[in-house]
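*Asks:* Quick one: this structure, given as structure tokens, is what I'll be asking you about.
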Amino acid sequence: MNKSHGELLGTAEWAAFLHEEVLPVVTHGVDLGDTMLEIGPGPGAATEWLRHRVGRLVALELEPEAAAALGTRFAGTNVEAVAGDATALPYPDGYFDAVGMFTMLHHVPTRALQDAILAGALRALRPGGTLIGSDSLSSDRLHQFHEGDVYNPVEPAAFLTRLQTIGFTDIMFVVGHTLLFRARKAEADAAA
Ligand SMILES: C[S@@+](CC[C@H](N)C(=O)[O-])C[C@H]1O[C@@H](n2cnc3c(N)ncnc32)[C@H](O)[C@@H]1O
């Protein structure tokens with residue numbers, strides 16, 4: 001991540017945006033359950049909000065330094081910071097009640113790798129479990145902000161179809177100045 005991007009994610013303004021405009025919308029009316037996975041937590045703005053709503057929160061972060069800083073920030077809490085790559089999730093099938101990913105898909109360099117993350121999230125969710133997420137939408141400003149960085153925003157209409165094709169159901173979608181989404185893994189008997 002480039003410097004200005006990294007700095008933004010640690011600000012009170014960014015945390016307020018996630019806490020007030022993103023997380024309450026994607027979790028509205030949803031019981032996140034006991035065990036949740038957050039993919040790509042960065043400095044942990046969403047982590048701080050989510051950890052009060054679940055029993056245990058595993059935060060899987062690609063960059064080892066960011067994962068270590070997250071471990072320090074949340075030491076002694078219900079957050080387990082892990083360094084690892086969400087394109088190959090190291091958790092058993094059905095392990096999590098909920099999976100979240102915020103502002104991270106556009107940092108995944110190819111559509112195939114984004115789909116691997118989504119398919120892995122589906123596999124690691126229990127039947128009936130919930131996926132929640134958000135991402136920035138394509139714009140000239142966002143492109144400039146990612147100079148020297150990975151910049152691969154999803155296209156909303158295609159993303160909806162991708163979630164369906166991968167196997168998610170009950171998809172909720174908001175396309176405003178940012179993309180908000182929620183989807184479920186079907187109950188075992190409904191999938192049969
Ligand atoms: C723009 S930051 C967003 C951080 C945080 N979710 C937020 O919204 O404030 C994207 C994060 O996703 C992480 N990331 C990118 N690809 C990943 C992968 N394959 N597995 C786990 N984390 C990943 C990056 O290292 C970075 O910390």
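What follows draws every value from the coordinates through simple rules; no lab data is involved. All values derive from a computational prediction rather than experimental measurement. Don't worry about glycine lacking a Cβ; one is built from the backbone with ideal geometry, like all the others, and counts go over all protein chains shown.
*Asks:* With charges only on Cβ, +1 for K and R and -1 for D and E, what is the dipole size of region 17-68 about its Cα centre, in debye, rounded to 20?
*Replies:* On the way: 3 positive and 9 negative charges, 39 e Å.
The calculation lands at about 180 debye.
*Asks:* Report the rotationally averaged projected area of region 1-94 based on its alpha-carbon convex hull, in square nanometres. Could the numbers behind the result be given before it?
*Replies:* Working: hull surface 26.1 nm².
Result: 6.5 nm².
*Asks:* When ranked by the protection proxy of mean other Cβ atoms within 10 Å per residue, highest first, what sequence do the peptides 150-157, 125-132 form? Mind showing how you got there, number by number?
*Replies:* Numbers: 150-157: 15.0, 125-132: 21.1.
Final packing ranking: 125-132, 150-157.
*Asks:* Percent of alpha carbon pairs in region 38-136 separated by more than 22 Å? Please list the in-between numbers first.
*Replies:* Values: 1062 of 4851 pairs.
Within region 38-136, distances greater than 22 Å cover 22 percent of Cα pairs.
*Asks:* Go through region 10-26 residue by residue and turn each phi into a ³J(HN,Hα) via Karplus (6.51, -1.76, 1.60, θ = phi - 60°); whole Hz please, and just put x for glycine and proline.
*Replies:* x, 8, 5, 5, 5, 4, 5, 4, 5, 6, 9, 10, 10, 5, x, 6, 6
*Asks:* I'd like the projected area of the chain, averaged over all directions, using the convex hull of its alpha carbons. Report it in nm² with one decimal.
*Replies:* Values: hull surface 40.8 nm².
Over all viewing directions, the chain projects a mean Cα-hull area of 10.2 nm².
*Asks:* List, in order, the whole-Hz ³J(HN,Hα) value for each residue of region 98-112 obtained from phi through the Karplus relation with A = 6.51, B = -1.76, C = 1.60 and θ = phi - 60°; use x for Gly and Pro.
*Replies:* 8, 10, x, 8, 10, 6, 10, 4, 6, 9, 9, x, 10, 4, 4
*Asks:* So, one more: Quick one: which residues, 5 or more positions from Leu137 or on another chain, have an amide H under 5 Å from its amide H? H modelled 1.01 Å from N in the peptide plane, none for Pro or chain starts.
*Replies:* Amide H to amide H, under 5 Å and 5 or more residues apart or across chains, Leu137 pairs with Leu179.
*Asks:* Where nothing but the Cβ of Lys and Arg (+1) and of Asp and Glu (-1) is charged, how large is the charge dipole of region 22-151 around its Cα centre, in debye to the nearest 20?
*Replies:* Numbers: 8 positive and 16 negative charges, 60 e Å.
Using only the charged Cβ atoms, the result is roughly 280 debye.
*Asks:* Let me ask another. At a 10 Å Cβ-Cβ cut-off, how would you order Asp115, Asp170, fewest neighbours first? Provide the component values of the computation, followed by the final result.
*Replies:* Numbers: Asp115 16, Asp170 11.
In increasing order of surrounding Cβ atoms, one gets Asp170, Asp115.
*Asks:* Another one. So who's got an amide H within less than 5 Å of the one on Phe102, skipping anything under 5 residues away but keeping other chains? H placed 1.01 Å off N, in plane.
*Replies:* Excluding prolines and chain starts, which carry no amide H, the hits are Ile39, Ser134.
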